[in-house]
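Single-structure report; data block below.
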Amino acid sequence: MMKLRFIIIFTFFAMCGISLHAELSVVKDSSDNYASTIFTFNETQHNEFWKKFSNNPNRALLNENGDLNGDGRPSFAINSFTGFPEVAWSRFDINKYEIVYSFYSGAEWSNYEFLTNDNIDDFDPFIVVSEDGTVKIAWWSNELIPQVYYKIKKYTSNWSLVLQISDPLEKSKYPSIAPYQNLSYVAYETIDSSNNKSIVAEIIDDNDPIPHVSSKTTIGTSTFPNNTMPTVHAMNQHVWVDWIYDENYLAWSEKIGDQWTQQRYEPYSSSEDIPRARLYIKIKVLNNQ
């Protein structure tokens, strides 16, 4: 297995007043071999994710004209099977947004591949790679009733068919994924016909030729009017989901056995404080508090 390295540089520089553009690149060593992945962006420029940050010739930049094209923020993961990054993002294509995918081969970025090709805007892909090299991506589609979709690509295989994993009668957005014990845990937010917002956790079985949802549970609620950022985590035999509950608290629920716990709360003071609150939740989960 190759040594994995990646670097993310973001809010600290913006808070210190240092002007940044944004960039997703791989860094090569003096022998032109892959060394690390670096993602930099200016937290104050929310729509700029693709502008070049450095003229370093040892960096291989992905999607240099993405901001000019109006592309969305990338989601990336390091493939532990190959040691290289894999990336998905929402690309503006003529008059709509489509989900595209690219990977680093060890020498260069691949040409981006369209994972969707419809007449509906597709947004906010979330990509992970399991230990066996299977690439898993979820996103939401801005239909009349927005829906969440999912597809995978097993190592050396083709992409699976697109799987709709949300309830067609509920507005569903903002998925995240965590692989765990040969399964995929997916969390996303829903809004029902009465405008009540909930957080849903699903287990997807990827072991069959066609992935399917094996379990679906509504694990909590939220009164937050914007993106609740539901994020599922799997670490050290623990699986949990945290999300924004309101303007003062994050909420979280852990899966213990076959059940999800009642949602608990962690205060936060501002959007910049959310990573700290998520870290506190992580500490509580891993220490069984």
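The values are calculated or read from the model by the stated rules, or taken from the named source; none is laboratory data. Just so it is clear, the structure is predicted and the values come from calculations on it, not from any experiment. Every residue, glycine as well, gets a Cβ built from its backbone with ideal geometry; the counts of neighbours run over all protein chains shown.
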Residues of region 225-249 being under 13 Å from ALA187 (Cβ atoms), assigned to a strand (DSSP E or B) and not small (Gly, Ala, Ser), in sequence order, are THR231, VAL232, HIS233, VAL239, TRP240, VAL241, ASP242, TRP243, ILE244
Which listed residue is aliphatic (A, V, I, L, M), under 18 Å from LEU183 (Cα atoms) and surrounded by fewer than 21 Cβ atoms within 10 Å (Cβ to Cβ), from VAL129, VAL135, VAL162 | VAL162
Could you grab me the full set of residues in region 195-211 that are surrounded by 12 or more Cβ atoms within 10 Å (Cβ to Cβ) and more than 17 Å from LYS255 (Cβ to Cβ)?
-> ASN196, LYS197, ASP206, PRO211
In region 77-90, which residues are in a loop (DSSP other than H, G, I, E, B) and within 15 Å of ASN111 (Cβ to Cβ)?
-> none
Flag if SER198 is out of contact with any Phe, Trp or Tyr (no Cβ under 8 Å at 6 or more places or on another chain), part of a strand (DSSP E or B) and free of Cβ contacts under 8 Å to residues at least 40 places away in the same chain | yes
Hey, does region 26-35 have a residue that's modelled with pLDDT of 50 or more, surrounded by 13 or more Cβ atoms within 10 Å (Cβ to Cβ) and of a type in the set (Gly, Ala, Ser)?
-> yes
Consider GLY220 against the criteria (1) closer than 17 Å to GLN263 by Cβ; (2) assigned to a loop (DSSP other than H, G, I, E, B): it satisfies all of them except one. Which criterion is unmet?
-> (2)
Taking region 222-269 and the residues there that are surrounded by 16 or more Cβ atoms within 10 Å (Cβ to Cβ) and hydroxyl-bearing (Ser, Thr, Tyr), the one that is farthest from ASP167 (Cα to Cα) would be TYR268
Would you check if there is a residue in region 208-223 being hydrophobic (A, V, I, L, M, F, W, C) and free of Cβ contacts under 8 Å to residues at least 40 places away in the same chain?
-> no
Would you pick out the residues in region 103-126 that are among the hydroxyl-bearing types (Ser, Thr, Tyr) and surrounded by 12 or more Cβ atoms within 10 Å (Cβ to Cβ)?
-> TYR104, SER110, TYR112, THR116
Residue tally, condition in contact with a Ser or Thr (Cβ under 6 Å, 6 or more places away or on another chain) and assigned to a loop (DSSP other than H, G, I, E, B), over region 254-289 | 2
What are the residues in region 178-189 that are closer than 21 Å to SER141 by Cβ and either small (Gly, Ala, Ser) or surrounded by fewer than 21 Cβ atoms within 10 Å (Cβ to Cβ) (or both), if any?
-> SER184, ALA187
Here are PHE49, PHE39: which of them is buried (at least 21 other Cβ atoms within 10 Å of the Cβ) and either assigned to a loop (DSSP other than H, G, I, E, B) or at positive phi (or both)?
-> PHE49
Kindly indicate whether ASN79 is within 24 Å of GLY133 (Cα to Cα), touching a residue at least 12 places away in the same chain (Cβ under 8 Å) and not charged (D, E, K, R).
-> yes
